[in-house]
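None of the figures in this text is laboratory data; all of them are computed from the coordinates on show. This is a predicted model, so every value here is computed, not measured. Glycine also receives a Cβ, built like all others from the backbone with ideal geometry; neighbour counts cover every protein chain displayed.
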Amino acid sequence: MKLKGKVFKYGANVDTDAIIPARYLNTSAPAELAKHCMEDIDATFVKKVKPGDIIVATSNFGCGSSREHAPLAIKASGVSCVIAYSFARIFFRNAINIGLPLLECAEAVDNIKTGDALEVDLVKGTIKNITKNKIFTAKPYPDFMSELITAGGLVAYTKKRLAQAKA
């Protein structure tokens with residue numbers, strides 16, 4: 001699976017309250033959450049983000065509460081993946097469960113700036129900075145996780161597997 005988009009870059013410890021402020025947690029509708037994604041740290045994000053765009057951050061992205069709303073807001077905003085040095089453990093699991101790909105690659109993060117164009121190959125684990133013509137390698141997902149992400153998350157993957165078992 002190949003992804004392509006422009007970069008929005010953030011620093012360390014972007015917590016779930018920064019991703020989707022708690023004042024908007026009265027809904028779990030992805031489209032509604034997307035309207036407020038990143039607004040407390042980047043008021044222009046929702047106006048500028050386009051389908052396929054990519055978030056890049058430094059360390060501990062998604063720290064804070066265990067709410068699933070944060071990766072839902074990111075995915076519903078059109079972001080195709082997030083690249084960082086590291087992710088909070090629960091955020092990582094929640095993102096994979098809803099089909100939002102995450103990649104850890106310090107070298108890529110260090111060589112990417114806001115506005116750069118990227119092409120990400122999830123199967124190979126490559127991150128190409130088209131703007132700077134540089135390629136970086138992250139650890140690719142194991143096959144079962146790739147299938148889960150490609151299916152759109154854990155629920156969609158499970159439904160697919162159950163349908164195959166009945167056939």
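May I ask what percent, to the nearest 5, of DSSP beta bridges between residues of the chain are antiparallel?
Details: 13 of 25 bridges.
Looking only at bridges with both residues in the chain, the antiparallel portion is about 50 percent.
Using unit Cβ charges (K, R positive; D, E negative) and no other charged atoms, how large, in debye to the nearest 20, is the dipole of the chain about its Cα centre? Display every interim value, and only then the final one.
On the way: 23 positive and 16 negative charges, 102 e Å.
I would put it at about 500 debye.
Pop the C-beta distance of Ser28 and Phe144 into the FRET formula with R0 = 25 Å and round what comes out to the nearest 0.05.
Values: r = 26 Å, r/R0 = 1.06.
Efficiency computed from Cβ-Cβ geometry: 0.40.
Which value in Å does the Kirkwood hydrodynamic radius of the chain take, with 1/r averaged over all unlike C-alpha pairs and then inverted? Write out the running numbers ahead of the final one.
On the way: mean 1/r = 0.0629 Å⁻¹.
So the Kirkwood estimate lands at 15.9 Å.
If I model a spin label as a point 7 Å beyond the Cα along the Cα-Cβ vector, how far apart are those points for Asn13 and Met1 in nm?
For the pair Asn13/Met1, the computed spacing is 3.2 nm.
Set Lys and Arg Cβ to +1 and Asp and Glu Cβ to -1, take the dipole of the chain about its Cα centre, and tell me which of Gly152, Gly62, Ser80 lies farthest positive.
Positive-most Cα among the choices belongs to Gly152.
Along its principal axes, what span do the Cα atoms of the range 9-92 show, with the longest given first and each in whole Å?
28, 25, 19
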